[in-house]
1. Restricting attention to segment C:51-75, and to residues there that are under 15 Å from the mean Cα position of the chain (by Cα) and buried (at least 24 other Cβ atoms within 10 Å of the Cβ), which single residue is farthest from C:Val170 (Cα to Cα)?
2. Which one of these is more than 30 Å from B:Leu96 (Cβ to Cβ), modelled with pLDDT of 90 or more and either outside any strand (DSSP E or B) or assigned by TED's automatic domain parsing to the domain that holds B:Ile35 (or both): B:Ile192, B:Ile217?
3. Just to be sure I understand, how many residues within segment C:65-84 are more than 26 Å from A:Tyr58 (Cβ to Cβ) and facing chain A (nearest Cβ under 9 Å)?
4. Suppose we keep only residues that are among the hydroxyl-bearing types (Ser, Thr, Tyr) and either more than 14 Å from chain C (Cβ to nearest Cβ) or in contact with a strand residue (DSSP E or B) (Cβ under 9 Å, 6 or more places away or on another chain) (or both) within segment A:5-58. Which one would you say is surrounded by the fewest Cβ atoms within 10 Å (Cβ to Cβ)?
5. Given (1) surrounded by fewer than 22 Cβ atoms within 10 Å (Cβ to Cβ); (2) in contact (Cβ under 8 Å) with a residue 12 or more places away in the chain; (3) more than 18 Å from the chain's Cα centre (by Cα), where does B:Val225 come up short, assuming only one miss?
6. In the set C:Leu179, C:Leu188, C:Leu244, which member is more than 28 Å from C:Phe63 (Cβ to Cβ) and buried (at least 21 other Cβ atoms within 10 Å of the Cβ)?
7. Mind counting the residues in segment B:53-95 that are β-branched (Val, Ile, Thr), assigned to a loop (DSSP other than H, G, I, E, B) and away from chain A (no Cβ under 12 Å)?
8. Restricted to segment A:296-323, and to residues that are among the aliphatic types (A, V, I, L, M) and surrounded by 20 or more Cβ atoms within 10 Å (Cβ to Cβ), which residue is modelled with the highest pLDDT?
Amino acid sequence: MKRLFKPGLLIPIAIIVALAIWPLFSGNSASAREAMFTLIMSMALASSLNIILGYTGYVSFGHIVFFGIGGYAGFWVITHLGWHILPAALLGGLVAAIIAWLLGLAVLRLRGAYFALATIGILEAMKALVINLDFLGGPVGLEMHFSEYKRYGGPMESLWMVYWSMAFLAILVIVVSYFIKTSKFGLGLMAIREDEDAAEVMGVITPRAKTWAYVLSAVFPGIIGVLFFFKNGNIEPGDAFRLHFSIEWIVMLMLGGAGTVLGPVLGGGIYQWLRKTLLTSPIFKDYQLVVAGVMLLIIVLFVPTGIIGWVRTRSAKLRRIFE
Amino acid sequence: MKILEVKNVTKRFGGLLAVNRVTFDLEEGEILGLIGPNGAGKTTLFNCINGVYSPTEGQIVFQGKDITGLPTYRSAHLGLSRTHQIVRPLNELTVLENAMVGACYGRENMNLSDARETAMAMLEFVGMADKAELLAGTLNVAQKKRLEMARALSARPYLLLLDEVLAGLNTAEVTSMLDTIRKIREQGVTIIMIEHIMHAVMNLSDRIIVLNYGSLIAEGSPEEVSQNPEVIEAYLGDPELAERLLEEEKA
Amino acid sequence: MGDVLFTSAIDGLLIGVIYGLAAMGLTLIFGVMDVINLAHGPLIALGMFGVYLLFTLMGLNPFVAVIIVAAIGLLLGVLIYFIAVSRVIDAPPLSSLLSTFSVNMIIIGIGTAMLSTSSYNVDYSLGTLDLGFFRAPGSRIAASLVALLTTVLLYFFLYRTRPGKYIRAVANNRISAELMGIPSTRILALAFGIGVMLATVAGGLIATILPINILAGGSYELKSFVIVVLGGLGNPLGALLGGLILGLIEGLVPVFMKTTWVPVIEYVLFVLILLVRPQGILGAKE
């Protein structure tokens with residue numbers, strides 16, 4: 001268990017813990033909590049995507065499909081079967097994982113741009129399908145009655161519960177991400193990323209490894225989707241399957257450094273901070289998408305390895321500190 | 001004991017007959033040279049042997065076990081490793097990690113710490129230990145070839161397929177690589193090597209087989225093969241020119 | 001029933017030609033440089049608004065406006081190529097996907113700030129063509145004819161002119177084309193420009209027949225993806241065929257079920273074709 005006490009794991013966890021307890025010390029704890037929820041959720045989502053995109057090299061463009069699927073599954077059992085939010089969240093993760101496994105068997109055979117396109121296709125197909133499913137509320141989606149929060153002691157208590165669950169989950173994602181990165185399984189994934197055919201010749205059972213990576217990267221967005229939509233009180237296809245949202249995760253990942261544990265945490269943080277600053281700035285508030293676009297372009301063209309990736313190429317010593 | 005039996009192996013790509021009914025055996029501990037002009041189907045034959053391609057017809061038997069059409073990772077697990085003609089380093093991983101992939105997923109299915117030890121030993125063996133922490137993408141071609149070798153050896157294979165490991169190396173590098181190959185054989189690893197540098201393959205091999213247009217046209221000791229007129233013609237078109245060149249090579 | 005089917009099919013084919021034209025822009029770029037242009041949708045939207053603005057502000061005939069839009073599209077494409085694409089042309093696919101997507105964000109960002117996301121209309125009519133057994137708005141028929149004409153011109157350009165042949169040579173094998181002395185950077189920029197031009201022209205034509213908004217390009221981009229894999233990535237003629245098929249699906253499916261099922265069918269078909277026959281119906285570029 002000495003792997004637990006390495007800076008590569010402790011630094012990102014410390015960042016998340018510090019952010020998570022921030023609302024307790026803030027004057028306006030409710031608004032601080034909302035801000036931190038968004039921030040921590042971004043970090044967790046980008047870290048999940050990192051498993052398939054950063055470690056394995058498969059560009060899952062429409063990764064938000066798992067967030068949406070999980071969200072719908074959890075939301076439905078809460079509103080229709082009266083489930084408690086926590087088991088419902090786990091169910092959301094499980095459903096997302098199963099769907100990822102089934103989809104993975106098919107689409108992980110595709111490489112490069114073809115895979116990326118297929119994930120967009122899957123996302124849009126799923127969105128279009130949900131719009132047609134009456135039991136999921138069709139285009140308007142599902143709503144939760146306000147009284148639902150009573151069972152958790154009121155809306156305020158529900159929001160805090162969801163918040164702490166989110167923080168816990170984010171730490172869990174980091175731990176999983178770190179253990180994958182530093183494991184034999186992770187080494188196999190990175191071999192696939194660098195050269196899938198060579199990895200296979202060396203004995204990596206690529207279909208199995210890729211499928212596992214895909215499933216693991218889908219579980220957490222599935223769970224997070226349930227927490228997110230429970231907090232919102234409603235779920236609709238437009239929010240649950242918004243392509244732009246999952247591309248934001250890619251931006252965060254690229255910004256911080258894909259394929260590193262700390263990268264998505266840092267990238268998620270910087271991205272959301274920048275976004276918030278832009279939203280409140282009178283000059284940039286209408287142009288935040290433009291700024292995000294320019295930022296992405298600059299990263300892709302000039303720092304394609306992201307901040308942590310760039311730092312890691314500086315020296316072997318830094319590589320040991322920042323996984 | 002026979003470690004590998006290639007029986008009537010044919011590989012077609014659409015209308016192109018890349019390998020045509022090739023049959024040969026390999027004894028344990030042997031070094032077999034596989035030569036032939038460019039485009040003769042040598043690399044394709046390797047790809048059929050280690051399962052990158054599934055042969056159109058024929059059978060591959062490795063240590064008495066039929067491995068025809070098994071995925072290539074299965075043959076790696078059974079103890080069949082290879083290097084690539086065009087080097088395929090895992091660029092963004094370190095040299096050590098590259099070799100560790102071989103150890104982790106090879107025949108012995110090692111855990112990470114054993115793999116690290118084995119990989120380090122193999123890097124030492126091929127003279128790359130001081131480069132262990134570098135990213136593989138930063139190596140030069142000769143170093144990348146050594147890395148391919150270390151990676152394949154880290155898998156602790158019974159049979160090693162070497163695809164033109166000498167190509168692109170300078171004279172000093174060739175000499176030291178030949179030395180390395182001899183040492184590998186001394187450790188009991190059986191080797192098939194594709195090679196264009198004649199004096200090297202003639203020196204090292206116990207036996208040589210020759211492919212031309214996908215078919216096996218000669219088999220025998222280096223002496224026999226080098227005097228086979230059909231081989232010489234296949235290689236250079238003009239038998240006399242070929243002989244002259246061979247003389248030069250020997251000198 | 002037969003009448004309904006016939007009319008719906010013709011309707012579908014008419015719009016399908018325009019879909020095909022848009023998809024040709026995407027597939028040409030992919031075929032030449034293996035880049036999937038994720039700014040395709042916003043560029044279609046720019047074409048729409050180009051025609052809209054030229055029509056409302058300057059009173060130009062929309063079909064004349066399309067010509068100007070085409071020229072602007074070509075220049076814009078060349079510009080985008082040099083800013084966002086040329087540096088990542090040999091990088092892994094993620095890089096060009098993201099760099100073109102950043103162009104998408106920039107265009108949508110500026111467009112939303114300036115035009116909001118509300119709907120606009122090019123208020124222009126060419127009357128109705130009525131053949132008794134078949135009726136269609138004149139502008140719709142005209143738009144389809146222009147799309148068809150553009151396709152013919154594209155083929156003439158690619159097969160009969162020197163730069164067109166260069167583009168095909170670079171698409172076929174960039175390295176040997178360079179060895180033959182073809183200035184590959186300029187040709188790639190030109191190909192990207194033409195790809196963007198086709199997208200803006202398609203957008204401009206759509207603006208003459210349907211209401212537009214700055215986000216509308218997104219759905220046409222997705223349609224283009226579907227069409228492009230249907231017809232084979234990198235195959236312009238396949239894109240035309242794919243466009244017609246998609247148009248037929250869109251025309252005929254609503255006869256049998258709710259319109260909202262159309263996208264489900266399209267995207268499922270899209271993923272299935274990627275899986276089963278990634279080279280498309282006519283085959284991808286050789």
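1. C:Val66
2. The conditions single out B:Ile217.
3. Residues that pass the stated criteria total 1.
4. A:Ser31
5. (1)
6. When all the criteria are applied, what remains is C:Leu188.
7. 3
8. Among them, the one singled out is A:Leu297.
The values are calculated or read from the model by the stated rules, or taken from the named source; none is laboratory data. Predicted, not measured: the structure shown is a model, and the values here were computed from it. Note that each Cβ is placed from the backbone with ideal geometry, even for glycine, and that neighbours are counted across all protein chains shown.
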